[in-house]
Structures are given as structure tokens and as C-alpha cells.
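Colleague: Quick one: structure below, then a few questions.
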Amino acid sequence: MTSASPASTPAPEPTSVPIFRKILVYGSILSLGIAVIGAIIGGIVAGGNGVISALVGALMAAIFMGITAGSLLIANKYAGRESAIGAFFGIVMGGWLLKFVLFLVLVVLLKGQPWIEPGVLFLSIIAGVVGSLVVDIVVLMKSRMPYASDITLPPAPHDD
């Protein structure tokens, strides 16, 4: 009788992975809704430039939500291993830093563009930020994640 070595046994998936997957799905649906509603309102308020601005704002919201949840999903591959705790936090912090730099680059590139309506773009981004916070709260509140997750208890002692 042979037993599998601990190195060949895959690590169990952290219990937070399904939560981040749901956040990605619901965030995508939210971004699509912001794009549709924002394009309609932006078109009424500012014409073609309003539609484009709403779509750009919704796309930015989707990208930023995706970076957050995606970086946490990738970082979870290193969760639970004490030797890789630096990689976990490096990936998460790298994702946040990427979002910050990307936002600054987009602000500089989009500022003053004749095809951007700043008010519509701003409101689309704000709708994405507030909406993503609501998505996070709703998904976490509906999740059935235990308070002490991913804990493996030692085996019970045997009385022989």
C-alpha cells in the first residue's frame, strides 16, 4: 500500500475563491448595466460624446474591479503557505499599485480630449466605484464562509 506524498497532493482551494469569482461575475454585470444606462443618459445629456464618455467610464470601472478581484484570486494560490506570504501580499499590493498608476495615466490621457464629456465620465466612474462596493458587500453578506476559514485541525488522539 502506497501513500501519496504531501508534495503531490494539491493544496485545497481557499474558501474565498468562490467569493472572488462571484464578485467578478456580478461586477461584470454591474459594469454592463452602467454602460447601458450611462450611454442612454449620456446620449440624452451630451450626445455622442456623452455616450462615449459613459462607455469609457464603465470600462474603467470594470477594469479596476477586475484588477482587485483578479489579483486576490491569483494571490490566493499562495495563501496558506508560510514561505510564500510575501508573494501573497506582493501580488495584492502590486494590483493596487497597478490600479493607482493606471488611473493616473488614464486621467492624464483623457484630460482635455474633445470626445470626452467630463461630467458623464466622472459620474460613470463614481457609479462603478459605489456599485463595486455594493457588489462586494452583497456577495460577502450572502456568502457562507466560516469565520475561521482554511484551518486544518490536528487529528484527534487515539486511546489504545
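Colleague: Give just the number: which of (1) at pLDDT 90 or above; (2) part of a loop (DSSP other than H, G, I, E, B) does Val108 not satisfy?
Modeller: (2)
Colleague: Also, quick follow-up: Is it the case, given these coordinates, that Ile34 is surrounded by 16 or more Cβ atoms within 10 Å (Cβ to Cβ) and part of a helix (DSSP H, G or I)?
Modeller: Yes; evaluated as a whole, the condition is true for this residue.
Colleague: Here's another thing I want to ask about it. Is it true that some residue in segment 99-107 is in contact with a helix residue (DSSP H, G or I) (Cβ under 6 Å, 6 or more places away or on another chain), farther than 13 Å from Gly57 by Cβ and not small (Gly, Ala, Ser)?
Modeller: Yes, the conditions are met somewhere in segment 99-107.
Colleague: Among the residues in segment 17-36, are any in contact with a helix residue (DSSP H, G or I) (Cβ under 9 Å, 6 or more places away or on another chain), at pLDDT below 85 and farther than 24 Å from Ser132 by Cα?
Modeller: No, there is no match, as no residue in segment 17-36 is in contact with a helix residue (DSSP H, G or I) (Cβ under 9 Å, 6 or more places away or on another chain), at pLDDT below 85 and farther than 24 Å from Ser132 by Cα.
Colleague: May I ask you to verify whether Ser53 is out of contact with any helix residue (DSSP H, G or I) (no Cβ under 6 Å at 6 or more places or on another chain) and either at pLDDT 85 or above or farther than 13 Å from Met65 by Cβ (or both)?
Modeller: no
Colleague: Go through segment 16-62 residue by residue and tally those that are basic (Lys, Arg) and touching a residue at least 60 places away in the same chain (Cβ under 8 Å).
Modeller: 1
Colleague: Only one of (1) assigned to a helix (DSSP H, G or I); (2) modelled with pLDDT under 90 fails for Phe122. Which number is that?
Modeller: Status for Phe122: all satisfied but (2).
Colleague: Moving on to the next point. Filter segment 57-86 for residues that are part of a helix (DSSP H, G or I) and over 18 Å from the mean Cα position of the chain (by Cα); which is surrounded by the most Cβ atoms within 10 Å (Cβ to Cβ)? Walk me through it before giving the result.
Modeller: Our first condition is that a residue be part of a helix (DSSP H, G or I); within segment 57-86, this holds for 57-78, 82-86.
Going one step further and asking which of them are over 18 Å from the mean Cα position of the chain (by Cα), we end up with 82-86.
Values: Glu82: 5, Ser83: 7, Ala84: 15, Ile85: 12, Gly86: 9.
Step by step, filter segment 57-86, then rank; the result is Ala84.
Colleague: Would it be correct to say that Gly47 is part of a helix (DSSP H, G or I), surrounded by fewer than 16 Cβ atoms within 10 Å (Cβ to Cβ), on the phi > 0 side of the Ramachandran plot and over 13 Å from the mean Cα position of the chain (by Cα)?
Modeller: yes
Colleague: Mind checking which pairs have a first residue in segment 78-99 that is over 23 Å from Phe64 (Cβ atoms) and a second that is of a type outside the set (A, V, I, L, M) and part of a helix (DSSP H, G or I), Cβ under 8 Å, 6 or more apart or different chains?
Modeller: So the pair list comes out as Ala84/Tyr78; Ile85/Tyr78.
Colleague: Which of the residues belonging to segment 89-101 are under 15 Å from the mean Cα position of the chain (by Cα) and either at pLDDT 90 or above or among the aromatic types (Phe, Trp, Tyr) (or both)?
Modeller: Taking segment 89-101 and keeping what is under 15 Å from the mean Cα position of the chain (by Cα), we get 91-100.
Result: Met93, Gly94, Gly95, Trp96, Leu97, Leu98, Lys99, Phe100.
The values are calculated or read from the model by the stated rules, or taken from the named source; none is laboratory data. All figures in this text were calculated on a predicted structure; none of them were measured in a lab. Reconstructed Cβ throughout: ideal geometry from the backbone, glycine too, with neighbour counts over all protein chains shown.
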